[in-house]
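First comes the structure, then the notes that go with it.
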Amino acid sequence: MSIPQGLPMERDAGPFAPPSEITRLRETRPVSPMHFPDGHEGWLVTGYEAARQLLADTRFSSRQDLGVIHVPFETPGMPPATEPSPTMPGVFVAMDPPDHTRLRRKLTGAFTVKRMKNLEEHIVEIVERQLDEMAKLPQPVDLVEAFALPVPSLVICEMLGVPYEDRDSFQANSAKFLARDQELSEKMGALTALTTYLGELVTSKRANPGEDILSDLAVQEDLGIEELVGIAFLLLLAGHETTANMLALGTFALLENPGPQAELRADPELLPNAVEELLRYLTIADIFYRYATEDIELGGETIGKGSTVVISLLAANRDPQRFENPDVLDIHRKARGHLSFGHGIHQCLGQQLARIEMRAGFEGLLRRFPTLKLAIPAEDVKLKTDMNIYGVHELPVTWG
């Protein structure tokens, strides 16, 4: 099979499936060479076992300054930079130990399973209030605007101590920053707007701390303002964009799969299992990058020192070697072990929070709107093929 020129991104096999070229690569060569747009050669990992092994191996570095990416987040659609980019202070997903360890350790207490469980009742209240508001709206309703985006935004704003009334600005700048084909000047403008806003916020919290995560961090003298801004940026962006896209795209997937949808309505006890399966099936944060710090054997191939390695988590989560009938949405499947939250030292810090939000969100939505359906043909739903976190731009729905 020919070596792909750049990363295959076209979702030609349906709105929920990986690009068919990526699927073919996984079947023939799960660790395969690829050419980047600037001509240099790297590797594409699509098999589950190889991806899991790579993510657990710290010889594959997460440092952006070693690689080819412009900005401190996964940006597969952007052409590589001609020079390595500096890592943004505080953005520990783009760091290796010991820097990564030092910063992540400061947050583990805020996201413990016990603390998240204590939040569950309040998250259910937020969901119910938002569903009350949605029920009052004239139909059709855009589920993204009315429900999927407000719920995680409200939750993360409360946790971090970010004023919810500022959401229009940070949501717009987050979307601009995550747009795949955005001009670099536009993307960096959005980043500057976000970091300026967050800089003012953490500075005020250092002077007058409250009862929130950013205040807890701001009073720690060994964290500088730049690091605080980077941490706040990471938590705010990841805390609302990912879950919002899962709630909207997950609802779309359930509406397109009436069997599992009916089962969930009849038996909400299936929800925890269904959430894991939706996470696996959709894998909205698909593409990640690593950089080989030495020659490493992976999946029968030798990854040369200095190579850029691209991992498709969606392809890995659809690997038939790991999951039987992987292209079927099966809410009875034991999908734990999926890679949607990553694996290894960078595994998602907020994964328990995301699970709680999704369980509460899907349960409330299916219970309150038993006749929920798409208001437009499925093929007309605007997909986020232009964004670095997959989902839908809008999901017009009706009920009753």
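The values are calculated or read from the model by the stated rules, or taken from the named source; none is laboratory data. None of the values given here were measured: they were computed from a predicted structure. Cβ placement follows ideal geometry from the backbone for every residue including glycine, while neighbour counts extend to all protein chains displayed. In case anyone asks, the SASA skips ligands and DNA or RNA and just uses the protein heavy atoms, side chains included. Shrake-Rupley method; radii C 1.70, N 1.55, O 1.52, S 1.80 Å.
Values as computed for the structure displayed
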{"read-out": "Gly400, sole failed condition from (1) surrounded by fewer than 21 Cβ atoms within 10 Å (Cβ to Cβ); (2) on the phi < 0 side of the Ramachandran plot; (3) at pLDDT below 95", "value": "(2)"}
{"read-out": "Residue identified as within 30 Å of Asn173 (Cβ to Cβ), surrounded by fewer than 19 Cβ atoms within 10 Å (Cβ to Cβ) and not β-branched (Val, Ile, Thr) among Gln321, Gln351", "value": "Gln351"}
{"read-out": "Residue satisfying all of: in the stretch 94-110; surrounded by fewer than 17 Cβ atoms within 10 Å (Cβ to Cβ) and part of a loop (DSSP other than H, G, I, E, B); nearest to the chain's Cα centre (by Cα) among these", "value": "Pro97"}
{"read-out": "Top-ranked residue in the stretch 303-358 [being over 23 Å from Tyr289 (Cβ atoms) and among the polar types (S, T, N, Q); ranked as modelled with the lowest pLDDT]", "value": "Gln352"}
{"read-out": "Filter result for the condition that a residue is modelled with pLDDT under 90 and either closer than 30 Å to Gly391 by Cβ or open to solvent by less than 30 Å² (accessible area, probe 1.4 Å) (or both), over Leu201, Leu184, Leu217", "value": "Leu184"}
{"read-out": "Residues located in the stretch 126-159, provided they are of a type in the set (A, V, I, L, M) and closer than 14 Å to Thr243 by Cβ", "value": "Ile126, Val127, Leu143, Val144, Ala148, Leu149, Val151, Leu154, Val155, Ile156, Met159"}
{"read-out": "In the stretch 151-164, residue nearest to Glu363 (Cα to Cα) [restricted to those that are open to solvent by 10 Å² or more (accessible area, probe 1.4 Å) and part of a helix (DSSP H, G or I)]", "value": "Leu154"}
{"read-out": "Qualifying residue in the stretch 289-312 (condition: among the aromatic types (Phe, Trp, Tyr) and open to solvent by 20 Å² or more (accessible area, probe 1.4 Å))", "value": "no"}
{"read-out": "Residue check, Asp168 among the acidic types (Asp, Glu) and in contact with a strand residue (DSSP E or B) (Cβ under 9 Å, 6 or more places away or on another chain)", "value": "no"}
{"read-out": "Thr242 vs. criteria more than 25 Å from Thr398 (Cβ to Cβ) and either free of Cβ contacts under 8 Å to residues at least 24 places away in the same chain or open to solvent by less than 10 Å² (accessible area, probe 1.4 Å) (or both)", "value": "no"}
{"read-out": "Unique residue being open to solvent by less than 40 Å² (accessible area, probe 1.4 Å), under 19 Å from Val127 (Cα atoms), touching a residue at least 12 places away in the same chain (Cβ under 8 Å) and of a type in the set (A, V, I, L, M) when the list is Leu237, Leu247", "value": "Leu247"}
{"read-out": "Selection within the stretch 324-348 - of a type in the set (Lys, Arg) and open to solvent by less than 70 Å² (accessible area, probe 1.4 Å)", "value": "Arg333"}
{"read-out": "Qualifying position, being within 23 Å of Cys348 (Cα to Cα), open to solvent by 10 Å² or more (accessible area, probe 1.4 Å) and either in contact with a Leu (Cβ under 9 Å, 6 or more places away or on another chain) or at pLDDT below 95 (or both), among Ala274, Ala285", "value": "Ala285"}
{"read-out": "Filter result for Gly161 (modelled with pLDDT of 85 or more and not polar (S, T, N, Q))", "value": "yes"}
{"read-out": "Some residue of the stretch 192-207 being closer than 30 Å to Leu365 by Cα, in contact (Cβ under 8 Å) with a residue 24 or more places away in the chain and of a type in the set (A, V, I, L, M)", "value": "no"}
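For (1) modelled with pLDDT of 75 or more; (2) surrounded by 15 or more Cβ atoms within 10 Å (Cβ to Cβ); (3) not in a loop (DSSP other than H, G, I, E, B), each residue gets a yes or a no:
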| site | (1), (2), (3) |
| --- | --- |
| Ser2 | no, no, no |
| Ala13 | yes, no, no |
| Phe16 | yes, yes, no |
| Ile22 | yes, yes, yes |
| Leu25 | yes, yes, yes |
| Met34 | yes, yes, yes |
| Pro37 | no, no, no |
| Trp43 | yes, yes, yes |
